[in-house]
Amino acid sequence: MSSSARRRRALLVVDMTVEQLDDIPLSERQRLLHAVSTLITSLDWGWIVDARLWIESHQTTSLAWLYPNVGIANTSGAELHESLRSLNKELTHIAKTHYSAFFENDLDEQLRARGIDDVYICGIHTNYCVASTAMASFERRYHTFVVGDACASAGGDETHNVGLACVERYVGSGAVVTLQNLL
């Protein structure tokens, strides 16, 4: 493939916050942080997005009805986990107010402005935030991939696998990839 035909790709890191990682068992949390760190630092990305809940007003999202104390803007719990902040990579914060990272913000416009073709997604809550973001990305006509071993769910392997199955069903049979496939 010539360099002019090279596809530009972005990495969306979903909800890797202090408070949301606290819901993941310690051994799984360590595995996940290592996988996401490797993904961020080992590949050439056109853009890396830190897409995490950042709720400035409970009136802006129905998620506040379910999770009134999660993702509150300017709190330590809503910050990107320190191990990811300390990487020598620039991550652009895009505020999420709902499950999908594309909901009511300018993520799509910024991806298009950067000429992104392929969107890779990793992070927390495979069964809703990651899957919802993957479906929204696909609906916007990006080639969409979820890095399955760089995701986790608070409900453990069962809910994680349900999320991956949804992505495969609604985004395509090749939409779930592994870190090893990419390295």
Next item on the list: May I ask you to list the residues in segment 81-107 that are open to solvent by less than 30 Å² (accessible area, probe 1.4 Å) and either closer than 19 Å to THR61 by Cβ or among the hydroxyl-bearing types (Ser, Thr, Tyr) (or both)?
Entry: ILE94, LYS96, THR97, SER100, ALA101, PHE102, LEU107
Item checked: Single residue of segment 3-26 satisfying the filter (within 23 Å of ARG141 (Cα to Cα) and modelled with pLDDT under 95) that is most open to solvent (accessible area, probe 1.4 Å) -> ARG6
Note to self: Step by step: first the residues of segment 159-183, then only those that are of a type in the set (Val, Ile, Thr) and part of a helix (DSSP H, G or I), then the one that is nearest to the chain's Cα centre (by Cα). Which residue is that?
What the structure shows: VAL167
Next item on the list: Of the numbered conditions (1) polar (S, T, N, Q); (2) farther than 15 Å from LEU32 by Cβ; (3) surrounded by fewer than 20 Cβ atoms within 10 Å (Cβ to Cβ), THR159 fails exactly one; give the number of that condition.
Entry: (2)
Checklist line | Pairs where the first residue, in segment 61-76, is surrounded by 15 or more Cβ atoms within 10 Å (Cβ to Cβ) and the second is of a type in the set (S, T, N, Q) and in a loop (DSSP other than H, G, I, E, B), C-beta under 6 Å, 6+ apart | finding: THR61/THR97
Notebook entry, point to check: Taking the stated definitions as given, is THR97 of a type in the set (Ser, Thr, Tyr) and within 16 Å of the chain's Cα centre (by Cα)?
Noted result: yes
Item checked: Residue tally, condition closer than 12 Å to ILE48 by Cβ and open to solvent by 10 Å² or more (accessible area, probe 1.4 Å), over segment 117-130 -> 1
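Please determine, by comparing only the residues of segment 131-156 that are aliphatic (A, V, I, L, M) and closer than 15 Å to TYR99 by Cβ, which one is surrounded by the most Cβ atoms within 10 Å (Cβ to Cβ).
Taking segment 131-156 first, the residues aliphatic (A, V, I, L, M) are 131, 134-136, 146-147, 150, 152, 154.
Now drop any that are not closer than 15 Å to TYR99 by Cβ, which leaves 131, 134-136, 146, 154.
On the way: ALA131: 26, ALA134: 32, MET135: 19, ALA136: 20, VAL146: 29, ALA154: 17.
If we take residues in segment 131-156 being aliphatic (A, V, I, L, M) and closer than 15 Å to TYR99 by Cβ, then ALA134 is surrounded by the most Cβ atoms within 10 Å (Cβ to Cβ).
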Note to self: Against the conditions (1) out of contact with any Ser or Thr (no Cβ under 9 Å at 6 or more places or on another chain); (2) touching a residue at least 12 places away in the same chain (Cβ under 8 Å), where does VAL162 fall short? Just the number, please.
What the structure shows: (1)
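Take ALA51 and decide whether it is part of a helix (DSSP H, G or I), open to solvent by less than 60 Å² (accessible area, probe 1.4 Å) and under 22 Å from GLY163 (Cα atoms).
Numbers: part of a helix (DSSP H, G or I): no; open to solvent by less than 60 Å² (accessible area, probe 1.4 Å): yes; under 22 Å from GLY163 (Cα atoms): yes.
Judged against the criteria, ALA51 is not a match.
The values are calculated or read from the model by the stated rules, or taken from the named source; none is laboratory data. As the structure is a computational prediction, the values presented were derived from the model and not from experiment. Positions of Cβ are backbone-derived with ideal geometry, glycine not excepted, and every protein chain shown enters the neighbour counts. For accessibility, only protein heavy atoms count, side chains too; no ligands or nucleic acids. Shrake-Rupley method; radii C 1.70, N 1.55, O 1.52, S 1.80 Å.
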